[in-house]
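Trainee: Got a structure for you, questions after.
The values are calculated or read from the model by the stated rules, or taken from the named source; none is laboratory data. All values derive from a computational prediction rather than experimental measurement. In this analysis, Cβ positions are derived from the backbone assuming ideal geometry, glycine residues included, and neighbour counts consider all displayed protein chains. Just so you know, the surface numbers come from the protein's heavy atoms only, side chains and all, with ligands and any DNA or RNA stripped out. Shrake-Rupley method; radii C 1.70, N 1.55, O 1.52, S 1.80 Å.
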Amino acid sequence: YWFFLRDSGGGNKFDPAKASEYAHGAMIPTGDLPGSDWAITSVDDFTNSDPTGPSCAAVTTQLAVFRNSKNASIAGKASTDYGQGTSDVTVSIEVDIQKDTKSISSDLSSYRQAMQHNDMPKCLESFMTTSGADTAKTTKGSPSTSAPKGGIATAYDLSCTVSGQAQTMRIEDYAWVYSNALVHVAVDGSKDKVTADIVNAAVAKTQAQLEK
């Protein structure tokens, strides 16, 4: 569903008094994702899922700085996770409507510092090994698309062995600002299943929902 937008003054496209409605209205339907067997697997689960491990201290500290600043300005938020039954791909979308735009650009910059931190590759490696992987290697990848409105696009390829079986996972992470909305889209799964079509649809359709 979608609620008609109106300018609430102060440069806000989304009226903070209706922030939760707007945020939930920005969630895309499963039909917007290419392929079949997409289903909503989680709604409004804001559990902290930051990576943990011996090499993650600097990354988690920066993520905490970002989250504390963002949460101080939130008027309403929504999130949805989508899973594909024919693969292990997950699409996660979160939209945070801020009370105003005063700190939203600095919040985005703070998130960039966390996601593109020099310690992120070894943080992800330590997370995998502490989670049961025998070996782990992380490399920076090329994002499948650019983030709208000059936002942040980040990609990592995570190769590991578990009980002698090799696998490579891919994480693509996008964040951007649209007026007083802070938007986050993440796609992860086996590298060969995280396709450009899925990523492009998740990012573009989310921005299109915000622009309706």
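Trainee: Of (1) assigned to a loop (DSSP other than H, G, I, E, B); (2) of a type in the set (Lys, Arg); (3) open to solvent by less than 20 Å² (accessible area, probe 1.4 Å), Lys70 satisfies all except one. Which?
Mentor: Here Lys70 meets the rest and fails (1).
Trainee: Exactly one condition in (1) farther than 25 Å from Gln209 by Cα; (2) at pLDDT 95 or above is not met by Ser126; state its number.
Mentor: (2)
Trainee: Can you name the condition, by its number, that Gln167 falls short on among (1) out of contact with any strand residue (DSSP E or B) (no Cβ under 6 Å at 6 or more places or on another chain); (2) modelled with pLDDT of 95 or more?
Mentor: Of (1) out of contact with any strand residue (DSSP E or B) (no Cβ under 6 Å at 6 or more places or on another chain); (2) modelled with pLDDT of 95 or more, only one is false for Gln167: (2).
Trainee: Mind listing just one residue for me: the one in the stretch 156-178 that is of a type in the set (D, E, K, R) and buried (at least 20 other Cβ atoms within 10 Å of the Cβ) and, of those, farthest from Tyr111 (Cα to Cα)?
Mentor: Here the residue is Arg170.
Trainee: Return the total of residues in the stretch 73-123 being among the polar types (S, T, N, Q), in a helix (DSSP H, G or I) and either within 25 Å of Thr139 (Cα to Cα) or in contact with a His (Cβ under 7 Å, 6 or more places away or on another chain) (or both).
Mentor: Number of matching residues: 3.
Trainee: Quick one: count up the residues across the stretch 156-212 that are of a type in the set (Gly, Ala, Ser) and under 11 Å from the mean Cα position of the chain (by Cα).
Mentor: Going through the stretch 156-212 one residue at a time, the tally reaches 3.
Trainee: Kindly indicate which of Ala153, Ala181 is touching a residue at least 12 places away in the same chain (Cβ under 8 Å), open to solvent by 10 Å² or more (accessible area, probe 1.4 Å), hydrophobic (A, V, I, L, M, F, W, C) and closer than 26 Å to Asn12 by Cβ.
Mentor: Selected residue: Ala153, the only one of Ala153, Ala181 that is touching a residue at least 12 places away in the same chain (Cβ under 8 Å), open to solvent by 10 Å² or more (accessible area, probe 1.4 Å), hydrophobic (A, V, I, L, M, F, W, C) and closer than 26 Å to Asn12 by Cβ.
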